[in-house]
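Asks: If you scroll down you'll find the structure; I have some questions about it.
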Amino acid sequence: MTPTSVRDIRNLSLLGQSGSGKTTLLERLLLAAGAIGAPGSVEKGDTVSDYDPQEKAFGHSLNASLAHLEWAGHWVNVLDTPGLPDFLGRALATLPAVETAVVVVNAAAGVETVTRKVMDAAAEKCRMIVINRIDAPGVDFAALLERLRAAFGKECLPINLPTAGGERVIDCFFAPDYDAVPAFSSVRAAHDQIVDQVVEVDEDLMALYLEQGESLQPEQLHDPFEQSLREGHLIPVCFTSARTGAGINELLDIMGRLLPDPTEGNPPQFLKGEGPAAQAVSATTDADQHVIAHVFQVSNDPFRGKLGLFRIHQGTVTPNTQLFIGDARKPFKVGHLLRVQGKNQTEIDVGIPGDICAVARIDDIHRDAVLHDSHDEDHFHVARPRYPQAVFGLALLPEKHGDEQKLSEALHRLLDEDPCLSVERDMQAKETVIRGLGEVHLKSVLDTLKSRWNLGLGTRPPAIPYRETIAGTAESRYRHKKQSGGAGQFGEVALRVEALERGAGLQFADEVKGGTIPGNYMPAVEKGVMQALEEGVLGGFPLQDLRVVVFDGKHHAVDSNEISFVTAARHAVQEAAQAARPVILEPLITLTVRVADEHFGGISAELSGRRGRVTGTDSPQPGWTEITSQVPMAEMEGFESRLKSISGGDGSCSFAFSHYEPAPFEVQQRLAREHVGKRGGEQ
């Protein structure tokens, strides 16, 4: 079957910390809906969503995976996402494809680092919290709910309640049994809280509820319920045990009856054009309009080719549809329109607005591409989620001579799959560097390069991306003059360098008056300036956060040419920067560490030994501490291994680039000496 009405579709993404049970929860949902005959297990490696050999060996989801089910006339597309902090980007990439972010919380662990991150990232979506593993011993449900409300707001309200021991759940919305005895609170209190919260967005319904004292039926609450979800006025909380099946049927009922269909959710923001000139545009759910679809995930298989998952936001797609990719002038024909269930693909005849489909073996398709069937939608793109910045790096060293090109092509394909992977060629260190969100992330990339492309690679820590800046203002005038018989070279440039605030970047200004440097030579001057800024003056690192103002110069009617002004500008910048109190900057990262309270002292000492500064602490749940600190990137090598050693394997951490700041004096001296030594060795 395939959905025939946009109103029947529900799209949701299962998000949350690793260990919360998302993959097992999906297995139970598929089983209850009759989509599979028996539930798989992560331990056995036979689940629908964790089908990749690497995921089976690792025992964790590494990529988002799509599955679907039918329940009570509703078609539910479910994206199971990875929960390890290192793969957060792959999880967030699913948000533009869904109306609802279902955040799964481990009842025994409470509010964890990734839980907070995905709740924040999904703030523009409708959100629901599923407390899983309610059968875990010793769970204090009342305290857990209060921690959720403290973290995410009083809008977090239970829509059902567990019984003692988590054996089953009690409905508090559709047909509440007021005589039932939950593990905490009461059915009536939960029901009244939900209704009170929902009617606040509808004045007429509130008047009916308060003034006339009439009880309200779920059907009357449907529209204000959807509005409450869209506006973040309500975050329903429900309870399940994926292990025992408790609460699974109730969760399916909530998905079908209460979660928004594609006409009711907050659609992703489409933009036409780039930069400040981009204009907001909207897509409708009209099946008869032009096709607008968004590719949110791409996977590459050396044998099966490229597979692109896309969400249809407008129009209808069939196997005969011709689609453009972005602003491409030549369309491709959808030869095979696919429905995806884990690793399995089946052909379908039509994709309607709101549905999630796939196409295979289209080489030009790429992540975040907008597919459309009319040039009216050229230059459309979707506002992307805010991804964490890749800060952990490895320099790659091909073991076989001649594998450099093969490595480049493989990395290009992986970049299309992973929004938080970056690849850079460090021209100074002459090395290819991959950057990701942590050691596990980068290990996964290396394993993929080996398994898919048979690339054996050595690794080493990459050169730290130090930068330079200036602390003052200085001027310089440099004349380049060369005579070698015939036409010579002549160019003179006078300029000023000025320090800017941190993070301001680079600015170039032309304040030349009277034509002392003709306008046709100014691009050459700017080229020389940029070359000098890239070369640095202290440690050979690129300069940043400064303005270069060219205010005077001289030219010769015969001997002046572009190379003369490039050379003069480069030397003038170097002299001025040397006189403007140059400083070497080091990159700092924001490090968040979650450990049991007894390991707080050990982690604090470890951070101090790495020149880290603790900026805050939090207690996400009793017995656990979350430490936020800023640490120089140069001091982070081997930290995750030390964390595992100190915490006995229970600690977790996440990273994000923070900012640049001046390196300690002794570090600056060492880097400057090393640079002088390199230059001496090259001469």
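Asks: Pairs please, first residue from the stretch 274-298 and at positive phi, second anywhere and among the acidic types (Asp, Glu) and assigned to a strand (DSSP E or B), Cβ atoms under 8 Å, 6+ apart in sequence or on different chains.
Replies: Close Cβ pairs (under 8 Å, with a partner that is among the acidic types (Asp, Glu) and assigned to a strand (DSSP E or B)) do not exist here.
Asks: So is residue 464 among the aliphatic types (A, V, I, L, M), at pLDDT 85 or above and within 21 Å of residue 539 (Cα to Cα) or not?
Replies: Yes, satisfied.
Asks: For residue 223, state whether it is open to solvent by 20 Å² or more (accessible area, probe 1.4 Å) and assigned to a helix (DSSP H, G or I).
Replies: Yes.
One line per residue, one yes/no per condition, for (1) closer than 26 Å to residue 3 by Cα; (2) free of Cβ contacts under 8 Å to residues at least 40 places away in the same chain:
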| residue | (1), (2) |
| --- | --- |
| 317 | yes, no |
| 335 | yes, yes |
| 344 | yes, yes |
| 352 | yes, no |
| 385 | no, no |
| 392 | no, no |
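Asks: Among the residues of the stretch 274-289, which ones are surrounded by fewer than 16 Cβ atoms within 10 Å (Cβ to Cβ) and either out of contact with any strand residue (DSSP E or B) (no Cβ under 6 Å at 6 or more places or on another chain) or not in a loop (DSSP other than H, G, I, E, B) (or both)?
Replies: Result: 274, 275, 276, 277, 279, 280, 281, 282, 286, 288.
Asks: Which condition breaks for residue 476 when tested against (1) open to solvent by less than 20 Å² (accessible area, probe 1.4 Å); (2) touching a strand residue (DSSP E or B) at 6+ places or on another chain (Cβ under 6 Å); (3) within 25 Å of residue 539 (Cβ to Cβ); (4) among the small types (Gly, Ala, Ser)?
Replies: Among (1) open to solvent by less than 20 Å² (accessible area, probe 1.4 Å); (2) touching a strand residue (DSSP E or B) at 6+ places or on another chain (Cβ under 6 Å); (3) within 25 Å of residue 539 (Cβ to Cβ); (4) among the small types (Gly, Ala, Ser), the lone unmet condition for residue 476 is (2).
Asks: Which one of the conditions (1) more than 23 Å from residue 10 (Cβ to Cβ); (2) over 25 Å from the mean Cα position of the chain (by Cα) does residue 88 fail to meet, given that it meets all the rest?
Replies: (2)
Asks: Could you please find all residues in the stretch 290-330 being more than 18 Å from residue 347 (Cβ to Cβ) and part of a loop (DSSP other than H, G, I, E, B)?
Replies: 290, 291, 302, 303, 315, 326, 327, 328, 329, 330
Asks: Tell me which residues, restricted to the stretch 114-136, are open to solvent by 10 Å² or more (accessible area, probe 1.4 Å) and touching a residue at least 24 places away in the same chain (Cβ under 8 Å).
Replies: Those that are open to solvent by 10 Å² or more (accessible area, probe 1.4 Å) and touching a residue at least 24 places away in the same chain (Cβ under 8 Å): 116, 117, 121, 123, 124, 125, 127, 133, 135, 136.
Asks: Give the stretch 597-625 a look and list any residue that's surrounded by 14 or more Cβ atoms within 10 Å (Cβ to Cβ) and either of a type in the set (Gly, Ala, Ser) or farther than 16 Å from residue 151 by Cα (or both), or say none.
Replies: Within the stretch 597-625, 599, 600, 602, 603, 604, 606, 607, 610, 611, 612, 614 meet the criteria.
Asks: With the structure loaded, tell me whether residue 181 is within 23 Å of residue 133 (Cβ to Cβ) and either among the hydroxyl-bearing types (Ser, Thr, Tyr) or surrounded by fewer than 20 Cβ atoms within 10 Å (Cβ to Cβ) (or both) or whether it fails that test.
Replies: Yes, satisfied.
Asks: Test each condition in (1) open to solvent by 10 Å² or more (accessible area, probe 1.4 Å); (2) touching a residue at least 12 places away in the same chain (Cβ under 8 Å); (3) more than 26 Å from residue 226 (Cβ to Cβ); (4) not charged (D, E, K, R) for residue 62 and report the one that comes out false.
Replies: (1)
Asks: Which of the residues spanning the stretch 342-382 are open to solvent by less than 30 Å² (accessible area, probe 1.4 Å), not in a loop (DSSP other than H, G, I, E, B) and not acidic (Asp, Glu)?
Replies: 351, 356, 357, 358, 359, 370, 371, 372, 380, 382
Asks: A further question on this structure: Please go through the stretch 503-529 and give me each residue that is open to solvent by 50 Å² or more (accessible area, probe 1.4 Å) and in contact with a Leu (Cβ under 8 Å, 6 or more places away or on another chain), ordered by number.
Replies: Those that are open to solvent by 50 Å² or more (accessible area, probe 1.4 Å) and in contact with a Leu (Cβ under 8 Å, 6 or more places away or on another chain): 506, 507.
Asks: A follow-up question, please. Which members of the stretch 24-59 meet the condition of being touching a residue at least 40 places away in the same chain (Cβ under 8 Å), small (Gly, Ala, Ser) and touching a helix residue (DSSP H, G or I) at 6+ places or on another chain (Cβ under 7 Å)?
Replies: Within the stretch 24-59, 32, 33, 49 meet the criteria.
Asks: Quick check on the stretch 555-576. Is at least one of its residues in a strand (DSSP E or B), surrounded by fewer than 24 Cβ atoms within 10 Å (Cβ to Cβ) and not polar (S, T, N, Q)?
Replies: no
Asks: Filter the stretch 653-667 for residues that are open to solvent by 30 Å² or more (accessible area, probe 1.4 Å) and closer than 19 Å to residue 438 by Cβ; which is modelled with the lowest pLDDT?
Replies: So the residue we want is 656.
Asks: Those residues that are part of a strand (DSSP E or B), modelled with pLDDT of 90 or more and not hydrophobic (A, V, I, L, M, F, W, C), I need them from the stretch 388-403; list them, please.
Replies: The answer is 398, and nothing else.
Asks: Exactly one condition in (1) free of Cβ contacts under 8 Å to residues at least 60 places away in the same chain; (2) open to solvent by less than 50 Å² (accessible area, probe 1.4 Å); (3) out of contact with any Ser or Thr (no Cβ under 6 Å at 6 or more places or on another chain) is not met by residue 628; state its number.
Replies: The failed condition is (3).
Asks: Take the stretch 636-666 and flag every residue that is outside any strand (DSSP E or B), of a type outside the set (Gly, Ala, Ser) and more than 20 Å from residue 85 (Cα to Cα).
Replies: Passing the criteria: 664, 665, 666.
Asks: Could you go through the stretch 231-245 and let me know if any residue there is touching a residue at least 40 places away in the same chain (Cβ under 8 Å), surrounded by 20 or more Cβ atoms within 10 Å (Cβ to Cβ) and assigned to a helix (DSSP H, G or I).
Replies: Looking for residues that are touching a residue at least 40 places away in the same chain (Cβ under 8 Å), surrounded by 20 or more Cβ atoms within 10 Å (Cβ to Cβ) and assigned to a helix (DSSP H, G or I), one finds none in the stretch 231-245, hence no.
Asks: Same structure again: Hey, among 232, 245, which residue is at pLDDT 95 or above and more than 30 Å from residue 352 (Cβ to Cβ)?
Replies: 245
Asks: Any idea which residue in the stretch 481-499 is farthest from residue 663 (Cα to Cα), counting only those that are open to solvent by 30 Å² or more (accessible area, probe 1.4 Å) and modelled with pLDDT of 95 or more?
Replies: That would be 496.
One line per residue, one yes/no per condition, for (1) of a type outside the set (Gly, Ala, Ser); (2) not in a helix (DSSP H, G or I):
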| position | (1), (2) |
| --- | --- |
| 91 | no, no |
| 104 | yes, yes |
| 139 | yes, yes |
| 148 | yes, no |
| 170 | yes, yes |
| 175 | no, yes |
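Asks: Can you name the residue in the stretch 460-504 that is touching a helix residue (DSSP H, G or I) at 6+ places or on another chain (Cβ under 7 Å) and β-branched (Val, Ile, Thr) and, of all such residues, is farthest from residue 587 (Cα to Cα)?
Replies: Applying the filter and picking the extreme gives 493.
Asks: Only residues that are in a strand (DSSP E or B) and either among the hydroxyl-bearing types (Ser, Thr, Tyr) or open to solvent by 60 Å² or more (accessible area, probe 1.4 Å) (or both): list them for the stretch 404-463, please.
Replies: Selection gives 422, 424, 425, 432, 459, 460.
The values are calculated or read from the model by the stated rules, or taken from the named source; none is laboratory data. If you're wondering where the values come from, they're calculated on a predicted model, not measured in any experiment. Please note: Cβ atoms are built from the backbone with ideal geometry, for glycine as well, and neighbour counts cover all protein chains shown. We work out accessible area using only protein heavy atoms, side chains counted, and drop any ligands, DNA or RNA first. Shrake-Rupley method; radii C 1.70, N 1.55, O 1.52, S 1.80 Å.
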